[in-house]
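For reference, the structure is listed below as structure tokens.
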Amino acid sequence: MLNFDRSLHEIYQLYPNLKFCGEPRNAILGISDDLLNYVLSILKADPILTPGVPITKWSELLSILNSHWILPLLYWHVARLPDEFRPPGPVLDRMRKAFQWSRSRCFQLETQLEEILSAFTDKGIRVLVMKGPAIGKMVYPDPALRPASDLDLLVLPDQVTRSRTILGDLGYQCLGKRFEVSRDFYNDEIFVNQKNQKHNRQVELHWDLHRFSGIERDGGVADLVDRAAEVNAELFAFEALDPIDALIHRAVSNAFDKGTHMRMIWVYDVKLLAEHLATPDDWRALQERSVAWRARLAVEHSLNMAQAWAGLELPDGFEEFSTWPEPTETEVKAWSKITEKQPGLSGLLGLHMDNASSRLDKIRYYFHLLFPSPNYIRSSYPPAKEWLLPISYVRRWWRWIKNPVS
């Protein structure tokens with residue numbers, strides 16, 4: 001029997017302020033030990049016998065796990081197990097429907113992505129696909145096992161303006177032009193398609209990754225593009241962060257992204273990306289790059305999570321983090337800020353303010369933080385009437401006051 005208490009203790013030792021997604025937050029931690037042990041056993045590929053709990057408890061479990069995006073993945077695994085390891089029939093049927101829905105959504109996303117990439121190729125702009133859509137194709141046996149909510153693209157900074165035009169020609173509206181006014185604070189611009197309702201996935205156009213608390217990688221975006229991996233989809237190919245950079249990017253998002261809260265599928269991403277590193281040289285490169293990314297502690301955190309929750313086994317010679325290269329002082333300071341028990345809004349702002357080179361930069365950042373583009377507010381906090389748009393800004397500020405770490 002898996003030791004759930006040990007796994008939970010390990011996680012809170014690693015990251016005391018960790019919060020899981022769902023309604024309410026951390027709902028997954030209220031699941032009975034029998035059911036959670038069963039889920040973890042599936043993720044760890046070490047299945048235990050199906051617990052004999054009422055069907056209502058199974059229904060509650062599925063509702064909670066839906067927010068974690070792992071139902072298609074769980075179905076993929078349990079459907080291949082003998083009957084004594086499978087959940088009850090009605091539960092398996094719901095899991096199958098989640099998988100089928102994910103497969104349909106995956107096809108729609110790929111169609112949308114193919115159109116975008118084709119347009120970029122026609123204009124001679126190199127673009128990298130990141131996060132869920134890329135990871136799903138790179139390391140999952142079926143991309144439908146890795147649901148994604150949007151499309152994250154990375155271009156060189158000097159291609160942002162042209163990229164914005166290309167997306168505009170495809171019917172995408174930019175919700176706020178951040179690049180020209182605050183490129184050192186923001187990393188992306190958000191686009192939604194106003195022309196084709198089927199292409200309803202939001203697009204995030206990135207020109208950089210993870211700039212906060214004075215943290216900047218050794219090397220720029222050009223290095224990430226130079227190391228890009230080619231990924232073959234069924235109908236088209238695209239470029240993505242290579243597995244090492246993708247793992248570091250996922251780890252940093254897991255550790256520092258306070259806006260969404262942890263999903264279990266992100267932990268599984270780390271497991272599969274880590275298992276994709278085939279040689280000791282890959283792992284040495286991970287060590288070196290994690291320090292260069294100022295993400296050495298974030299990588300350790302995510303790898304430990306993947307061990308505790310998904311059964312990742314680190315290769316010989318790399319399992320002891322005390323033997324890994326030391327993180328930089330800048331990273332240690334940033335990590336201490338984000339792992340405070342109650343960092344609050346001021347603490348989170350401090351992660352970004354350390355990047356400011358002048359008082360004017362700080363003023364510019366604060367202004368755009370408090371008063372983002374009306375298009376962004378309409379999308380994120382839709383007003384009932386256009387004249388009520390100022391109330392949407394107030395709703396945004398009130399959310400910060402109520403929950404400053406979300």
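The values are calculated or read from the model by the stated rules, or taken from the named source; none is laboratory data. Because the structure is predicted, anything quoted here is derived from the model rather than measured. A quick note on method: Cβ atoms are made from the backbone with ideal geometry, for glycine too, and the neighbour counts reach across all protein chains shown.
Structural remarks
- Listed conditions (1) closer than 11 Å to PRO87 by Cβ; (2) touching a Pro at 6+ places or on another chain (Cβ under 9 Å) are all met by VAL53, apart from (2).
- With respect to the conditions (1) farther than 30 Å from GLU115 by Cα; (2) crowded, with 19+ Cβ neighbours inside 10 Å; (3) aliphatic (A, V, I, L, M), ALA251 falls short on a single one, namely (1).
- Leading residue by the ranking (surrounded by the most Cβ atoms within 10 Å (Cβ to Cβ)) among those in region 153-178 that are under 22 Å from the mean Cα position of the chain (by Cα) and farther than 17 Å from ALA222 by Cβ: ARG178
- Scan of region 197-209 for residues that are assigned to a loop (DSSP other than H, G, I, E, B), in contact with a Leu (Cβ under 9 Å, 6 or more places away or on another chain) and closer than 17 Å to CYS106 by Cα, ordered by number: HIS199, ARG201
- Qualifying residue in region 306-322 (condition: within 18 Å of ASP245 (Cβ to Cβ) and more than 19 Å from the chain's Cα centre (by Cα)): yes
- Within region 283-310, restricting attention to residues that are in contact (Cβ under 8 Å) with a residue 60 or more places away in the chain, touching a Ser or Thr at 6+ places or on another chain (Cβ under 8 Å) and in a helix (DSSP H, G or I), the residue that is surrounded by the fewest Cβ atoms within 10 Å (Cβ to Cβ) is ALA308.
- PRO327 of a type outside the set (A, V, I, L, M, F, W, C), modelled with pLDDT of 95 or more and farther than 11 Å from ILE244 by Cβ: no
- All positions within region 226-251 that are of a type outside the set (Gly, Ala, Ser) and either within 19 Å of TRP69 (Cβ to Cβ) or assigned to a strand (DSSP E or B) (or both): GLU230, VAL231, ASN232, PHE238, GLU239, LEU247, HIS249, ARG250
- Residue count for region 55-110, restricted to those that are among the aromatic types (Phe, Trp, Tyr) and either at positive phi or in contact (Cβ under 8 Å) with a residue 40 or more places away in the chain (or both): 3
- Yes/no for TRP69 being buried (at least 17 other Cβ atoms within 10 Å of the Cβ), outside any loop (DSSP other than H, G, I, E, B) and not basic (Lys, Arg): no
Here is a yes/no grid of residues against (1) in contact (Cβ under 8 Å) with a residue 60 or more places away in the chain; (2) within 20 Å of ASN254 (Cα to Cα); (3) out of contact with any Phe, Trp or Tyr (no Cβ under 7 Å at 6 or more places or on another chain):
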{"position": "ILE116", "(1), (2), (3)": "yes, no, yes"}
{"position": "ARG126", "(1), (2), (3)": "yes, no, yes"}
{"position": "VAL139", "(1), (2), (3)": "yes, yes, yes"}
{"position": "ASP152", "(1), (2), (3)": "no, yes, yes"}
{"position": "SER182", "(1), (2), (3)": "yes, no, no"}
{"position": "ASP208", "(1), (2), (3)": "no, yes, yes"}
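- Selection status of ALA278, over 29 Å from ILE28 (Cβ atoms) and either part of a helix (DSSP H, G or I) or not hydroxyl-bearing (Ser, Thr, Tyr) (or both): yes
- Cβ-Cβ contacts under 8 Å between residues 6 or more apart (or on different chains), taken from a first residue in region 330-345 that is crowded, with 16+ Cβ neighbours inside 10 Å and modelled with pLDDT of 80 or more to a second residue that is outside any helix (DSSP H, G or I) and of a type in the set (D, E, K, R), are listed as GLU331/ARG294.
- Test: residue in region 96-114 that is modelled with pLDDT under 95 and among the aromatic types (Phe, Trp, Tyr): yes
- Condition check for ALA356: surrounded by 15 or more Cβ atoms within 10 Å (Cβ to Cβ) and modelled with pLDDT of 70 or more: no
- Test: residue in region 94-112 that is β-branched (Val, Ile, Thr) and under 20 Å from the mean Cα position of the chain (by Cα): no
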